[in-house]
1. Given N residues in the stretch 79-183, what is Rg(Cα) / (2.2 N^0.38 Å)?
2. Between residue 70 and residue 288, what length in nm is gained on full extension when 0.36 nm per residue of separation is reduced by their alpha carbon distance?
3. What does the chain give for Rg and for Dmax, in Å, if only its C-alpha atoms count?
4. As a check on your grasp of the helix formula, calculate [θ] at 222 nm for the chain: sum -39500 (n - 2.57) over DSSP H runs of n ≥ 4, divide by the residue count, round to the nearest 500.
5. With r defined as the distance between the Cβ atoms of residue 167 and residue 100 and R0 fixed at 30 Å, what FRET efficiency is calculated, to the nearest 0.05?
6. Per residue, how big is the convex hull of the stretch 202-260 when only Cα atoms are used? Give it in Å³.
7. Do you know the relative contact order of the chain, to the nearest whole percent, from alpha carbon pairs under 8 angstrom that are 6+ apart?
8. Report the Cα centroid-to-centroid distance between the stretch 231-309 and the stretch 50-117 in angstrom, as an integer.
């Protein structure tokens, strides 16, 4: 795997002398490895009253499509014993509206890194959405969502079929004028194979994992808890599997890996980085605590100081296997 170099000064890390939380991937420098995940952080502007956006490494906006999408009918969320089911269905305002209504405000906020998550039903949808977003000043990179399990077509289909994945990434790479991160599905036989395919098709980085296909049933009514019947499972329940998949993917590619799946503490962040992740995304934790991302950044500072870790980038791929 490719280790990423540090790029931040200690002054950006809460004034902790000698501590460098900075990481770099695909030519993008982050002040710390904490990124708010797509679908859990709105378009960023919705959180600016509760989170200091400039304290985060970055954030990924809601999945953007060629045209606005209304998403799935309710109920769309269900809390499980150790996580959450969601079948929102990629509800969003569309790429053009994002450029006109949300991005101008984001450009006014200093020292933030914005990633645009991109979704399509067909390769042509991805292509057109990227062409629209190419005109958006202030977007650092694209995250290609080929792994959403909550739509009737597209989404999971691209992320679970090797040929389809190769085709959609190749198409996107040809059009994208910014670095391309490919978000992989865990609902596959070999995550290492899919990671390698994404790399060979031109991905500048990969992010994983998206949610697992799951469901819940109300035994009294005998009906599904989610209107879509199945939904995506996220949260602490999936963390051990996500960690293993990040490890497998990181050892299959030479491009940076961004890990996610049940991360809610600084120790979780360290685990994913030791497994091979250059940065991590925080998703479900923001549902039970909207300030979770910023708190984890602060906790990571303390974690590093307590263990004499001067450069967080030194953790990347540092797992010791005897």
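A short reminder: the numbers here are calculations on the coordinates, not readings from a lab. From a predicted model like this one, the values you see are computed outputs, not experimental measurements. All Cβ positions, even for glycine, are placed from backbone atoms using ideal geometry, and neighbour counts span all protein chains on display.
1. On the way: Rg = 14.7 Å, N = 105, 2.2 N^0.38 = 12.9 Å.
Taking the Cα Rg and dividing by 2.2 N^0.38 Å, one obtains 1.14.
2. Numbers: separation 218, 0.36 × 218 = 78.48 nm, distance 2.41 nm.
Working it through step by step, the gained length comes to 76.1 nm.
3. 18.4, 59
4. Values: 9 runs with 86 residues, N = 322.
For the chain, the value works out to -7500 deg cm²/dmol.
5. Numbers: r = 31 Å, r/R0 = 1.02.
That pair, residue 167 with residue 100, gives E of 0.45.
6. Details: hull volume 5.5 nm³, N = 59.
Normalising the Cα hull of the stretch 202-260 by residue number yields 93 Å³.
7. Working: 791 pairs, mean separation 66.2, N = 322.
Computed over the chain, the figure is 21 percent.
8. The stretch 231-309 and the stretch 50-117 have Cα centres spaced 19 Å from each other.
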